[in-house]
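See structure below.
The values are calculated or read from the model by the stated rules, or taken from the named source; none is laboratory data. These numbers were taken from a predicted model, which means no experiment stands behind them. Virtual Cβ from ideal backbone geometry, glycine too; neighbours counted across all protein chains shown.
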């Protein structure tokens, strides 16, 4: 079990454990309109406002849970801000994160650039609280109405939780929309702390109120699946991901795209 927890801690640097991202095997560089994710340029909403809150649990040890929330606001057609919060705890350690970012659309709204700063807080019940600060940066570029690319640099100061080292992550990906109901995407990620990963995912809406998602990441195998059920602007999101070494995650949340 200690080995599993050690690998789990290593994987935490590169993920936001939300049901929407889990179901895509964390493929996210070319995503649009996601308030929470590694690419801050994906945060701008389709309208003026979007939000997401969720809880996700590590099934081999359900006491490990992530609670995540994000809000994005665009006050005109070219710029906006977003805020994200995340908290998780295990045994005597509690980790919290707060971030705020700014995004700007250029080239007739084809290119979105964004920066974000995040404050990491680690509370050890026996040693007190430690703080770290780190920035992120990202972009999304629409090559055509159906084709876009995105990329990010995450944790650029390589800060870690508490006394643990952190790693900088880079990702670049492409997304294609063959029809209004479907989207496929792939992403290559790199970190100095581990091997590169190739992630591939799809999104499909068989009905205006239902959206299905799935994805796989290699060579460290990770698979994800999930769905969203929407009523007017509010959606209930359900996600699941599995990694053979660490086990399964399951999450549920509410989002307002």
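Elements of the type strands (runs of 3 or more DSSP E) sitting completely within segment 13-91 and holding at least 3 residues that are touching a helix residue (DSSP H, G or I) at 6+ places or on another chain (Cβ under 9 Å), surrounded by fewer than 18 Cβ atoms within 10 Å (Cβ to Cβ) and at pLDDT 95 or above: there are none. Restricting attention to segment 50-70, the residues that are more than 16 Å from the chain's Cα centre (by Cα) and closer than 15 Å to residue 99 by Cβ total 0. Since residue 81 meets every condition but one in (1) touching a residue at least 60 places away in the same chain (Cβ under 8 Å); (2) closer than 24 Å to residue 157 by Cβ; (3) under 20 Å from the mean Cα position of the chain (by Cα), which condition does it not meet? Condition (1) is where residue 81 drops out. The set of residues in segment 157-171 that are more than 21 Å from residue 199 (Cα to Cα) and touching a strand residue (DSSP E or B) at 6+ places or on another chain (Cβ under 9 Å) comprises 157, 158, 159, 160, 161, 162, 163, 164, 166.
Scanning segment 143-170 for residues that are surrounded by 19 or more Cβ atoms within 10 Å (Cβ to Cβ), assigned to a strand (DSSP E or B) and either more than 17 Å from the chain's Cα centre (by Cα) or at positive phi (or both) yields a count of 1.
Sort out which residues of segment 226-242 are touching a strand residue (DSSP E or B) at 6+ places or on another chain (Cβ under 9 Å) and over 19 Å from residue 68 (Cβ atoms), and write them in order of number.
So in segment 226-242, the residues touching a strand residue (DSSP E or B) at 6+ places or on another chain (Cβ under 9 Å) come out as 226-230, 233-242.
Hits for segment 226-242 are 229, 230, 233, 242.
Go through segment 177-187 and report how many residues are free of Cβ contacts under 8 Å to residues at least 40 places away in the same chain and in a strand (DSSP E or B). The total comes to 6. Filtering segment 103-121 to residues that are without any contact (Cβ under 8 Å) to a residue 60 or more places away in the chain and farther than 17 Å from residue 16 by Cα leaves 104, 106, 107, 108, 109, 110, 111. Within segment 101-128, being crowded, with 20+ Cβ neighbours inside 10 Å, more than 16 Å from residue 31 (Cα to Cα) and at pLDDT 95 or above holds for 101, 116, 118.
Of all residues in segment 171-190 being surrounded by fewer than 16 Cβ atoms within 10 Å (Cβ to Cβ) and closer than 18 Å to residue 155 by Cα, which is modelled with the lowest pLDDT? Among them, the one singled out is 190.
Scanning segment 189-219 for residues that are over 18 Å from the mean Cα position of the chain (by Cα) and more than 17 Å from residue 255 (Cβ to Cβ) turns up 192, 193, 194, 195, 204, 206, 207, 219.
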